[in-house]
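Input: a single structure, listed below in C-alpha cells.
The values are calculated or read from the model by the stated rules, or taken from the named source; none is laboratory data. Fair warning: this is a prediction, and the values are worked out from it, not measured in the lab. Heads up, the Cβs are rebuilt from the backbone with ideal geometry, glycines too, and the neighbour counts pull from every protein chain shown.
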Amino acid sequence: MSFRTAVITFPGSNCDRDMAVALKTVSGQAPLRVWHGDAELPESLDFIVLPGGFSYGDYLRSGAMAARSPIMRAVIAAAGRGVPVLGVCNGFQVLTEAGLLPGALMRNAGQTFICRTVALTVENTQSLFTAGYDAGQTINIPVAHHDGNYFADDDTLDRIEGDGRVAFRYADNCNGSRRDIAGLLNAAGNVLGMMPHPERAVEPAHGGTDGRALFESAIKALATA
Amino acid sequence: MKVRVFVNLKPGVLDPQGRAVHHALEGLGFAGVEDVRIGRMIELDAADDTTDEALDTMCRQLLANTVIENYRIEKEPA
C-alpha cells in the first residue's frame with residue numbers, strides 16, 4: 001500500500017518532528033515535511049497534519065497568523081476536496097482560525113499552562129480518525145497547552161453535538177472547554193482538530209500507547225481508500 | 001491617518017484574565033468595581049484614502065476573531 005502524508009511546519013511549530021516520527025512508526029513511511037511559506041502542497045497528498053507548537057509566537061491569537069500563511073490556502077482547498085487533515089494542539093487552533101472547524105480556542109479557564117496526561121472519552125467511532133476506538137472508551141493522552149479552552153455559541157454547540165461531530169471529550173474538564181470538548185470533526189468528517197497530543201502516546205516508552213489507534217485508523221482508511 | 005482598532009471579548013464570553021485582575025483590584029482594596037474585561041488596542045498608521053470598508057475587512061479577516069470578539073474602529077484624521 002502506498003500513500004503520501006505531510007506534516008506542515010510553521011515558524012514556532014515544535015511538535016512537527018514528534019508527529020513525523022509517530023507517522024513513520026505507525027505507517028512505516030516517513031511523511032513529507034512542508035514549510036509554511038510554500039504556496040503549494042506536494043502533489044496527491046493523502047493525509048495532512050498540522051502539528052503542535054507556538055506558530056508565530058502566538059502573536060495576535062494562537063494560530064491566527066499561521067491560518068493566513070500561504071500554505072493554508074492550499075490546505076483549505078485540499079480539505080475541501082476531502083483530503084484528511086489532522087490538527088493537534090496549535091494545529092487545532094490553526095484549523096479554527098482558518099475556518100475549517102467552528103468555534104475558537106481561548107485561554108484556559110484556570111489561566112495556567114497545563115502539561116499532563118488526561119483522560120478522554122471517545123464519543124465518535126465512525127470517523128476515519130476514530131474508527132479504531134470503542135464508543136465510550138476512556139483513553140489517556142497528554143495535553144500541553146495554555147489556550148485549549150474551546151468556545152462556540154450554544155447554537156453551534158447544539159449543531160455539532162447533534163451531528164455527532166464531537167470526537168473526544170475530557171473525562172475531567174481541565175481547561176474550561178464548553179461541553180468538555182477536546183476534539184472536533186468537520187461536517188464532512190475529514191478534518192479533526194484536538195488539543196491532546198496523540199503523537200505523544202504511540203510507543204510504550206511514551207508511558208502509554210492510546211494515541212496509536214488514531215494513526216492506525218487514519219492510515220487504514222488511506223490504504224483502503 | 002492613525003486608526004485605532006479596539007478588540008474586546010463579546011459579552012457572555014468568559015474572560016478569566018479579566019476575572020483575575022478584578023480579583024486583584026479587590027485584593028488591593030478598590031471597592032465598587034463590578035467587572036473587568038480585558039481587550040486589545042491595535043494602532044494602524046494607514047494611508048489617508050483607506051476606506052472604511054477596507055478597515056472593516058481587515059478586522060473581520062484578521063484583527064478580530066468574530067467568533068469570540070467584537071471590534072470598534074476609531075479614525076483620527078491627520
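A few remarks follow.
- Residue check, A:Val143 closer than 18 Å to A:Gly87 by Cα and touching an Asp or Glu at 6+ places or on another chain (Cβ under 9 Å): no
- Within the stretch A:95-119, if we keep just the residues that are more than 20 Å from A:Leu50 (Cα to Cα) and more than 8 Å from chain B (Cβ to nearest Cβ), the residue that is surrounded by the fewest Cβ atoms within 10 Å (Cβ to Cβ) turns out to be A:Arg116.
- A count restricted to the stretch B:1-17 and to residues that are within 14 Å of chain A (Cβ to nearest Cβ) and in contact with a Leu (Cβ under 9 Å, 6 or more places away or on another chain) stands at 3.
- Of all residue pairs spaced 6 or more apart or on separate chains, none has beta-carbon atoms under 7 Å together with a first member in the stretch A:125-152 that is within 30 Å of B:Asp15 (Cβ to Cβ) and free of Cβ contacts under 8 Å to residues at least 60 places away in the same chain and a second member that is acidic (Asp, Glu) and part of a strand (DSSP E or B).
- Residue that is out of contact with any helix residue (DSSP H, G or I) (no Cβ under 8 Å at 6 or more places or on another chain) and aliphatic (A, V, I, L, M), where the choices are A:Val94, A:Val34, A:Val75: A:Val75
- Per the conditions (1) under 30 Å from A:Leu100 (Cβ atoms); (2) among the basic types (Lys, Arg); (3) surrounded by 15 or more Cβ atoms within 10 Å (Cβ to Cβ), the sole criterion not satisfied by B:Arg72 is (3).
- Residue match in the stretch B:20-35 (condition: within 14 Å of another protein chain (Cβ to nearest Cβ) and in a strand (DSSP E or B)): no
- One residue from B:Thr66, B:Thr50 being part of a loop (DSSP other than H, G, I, E, B), at pLDDT 95 or above and within 11 Å of chain A (Cβ to nearest Cβ): B:Thr66
One line per residue, one yes/no per condition, for (1) modelled with pLDDT of 95 or more; (2) over 14 Å from the mean Cα position of the chain (by Cα); (3) assigned to a strand (DSSP E or B):
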site: A:Gly37; (1), (2), (3): no, yes, no
site: A:Ala78; (1), (2), (3): yes, yes, no
site: A:Gly87; (1), (2), (3): yes, no, yes
site: A:Val94; (1), (2), (3): yes, no, no
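- Top-ranked residue of the stretch A:39-65 - restricted to ones that are within 14 Å of chain B (Cβ to nearest Cβ), at negative phi and part of a loop (DSSP other than H, G, I, E, B), ranked as surrounded by the fewest Cβ atoms within 10 Å (Cβ to Cβ): A:Tyr59
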